[in-house]
Amino acid sequence: MDIETVRKVARVARLRLTPSEELQFAQDLEEVLQYFSLLDEAPQVDTHDFNPVRVADVLRDDEPSRDVNAERLRESMDTYDDLVRGPRLS
């Protein structure tokens, strides 16, 4: 990366760089860009997924059922006229 680009980026980022820092950043950014160019060599795929392992739809359809006896549950609760009572709100 050239020094002029580093100066523009530093100006936008409101950084004051010495000439030696500009040179160091230019070298560092050039190295980063070289690493990113390695991504161009990666094989391309037609599908884009976040998960590398395909996940099939594992959900089942909901089927309403009554697994718990409501009367038995109400026996252990504080009820009034067969309604569950909770704490008083102030």
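The values are calculated or read from the model by the stated rules, or taken from the named source; none is laboratory data. Not measured: the values here are computed from a predicted model. A quick note on method: Cβ atoms are made from the backbone with ideal geometry, for glycine too, and the neighbour counts reach across all protein chains shown.
A few points about this structure:
- In the stretch 16-64, residue modelled with the lowest pLDDT [restricted to those that are in a loop (DSSP other than H, G, I, E, B) and acidic (Asp, Glu)]: ASP49
- Residue match in the stretch 72-80 (condition: among the aliphatic types (A, V, I, L, M) and part of a helix (DSSP H, G or I)): yes
- Cβ-Cβ contacts under 6 Å between residues 6 or more apart (or on different chains), taken from a first residue in the stretch 60-78 that is closer than 26 Å to ARG88 by Cα to a second residue that is surrounded by 10 or more Cβ atoms within 10 Å (Cβ to Cβ), are listed as MET77/VAL84; ASP78/ARG85.
- Cβ-Cβ under 9 Å pairs, at least 6 apart or on other chains, the stretch 29-43 side over 10 Å from MET1 (Cβ atoms), far side hydrophobic (A, V, I, L, M, F, W, C) and surrounded by 10 or more Cβ atoms within 10 Å (Cβ to Cβ): none
Results for (1) among the polar types (S, T, N, Q); (2) within 35 Å of the chain's Cα centre (by Cα); (3) surrounded by 10 or more Cβ atoms within 10 Å (Cβ to Cβ), shown as yes or no for each residue.
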site	(1), (2), (3)
MET1	no, yes, yes
ARG7	no, yes, yes
ARG14	no, yes, no
GLU21	no, yes, yes
VAL53	no, yes, no
ALA56	no, yes, no
ASP61	no, yes, no
GLU75	no, no, no
PRO87	no, no, no
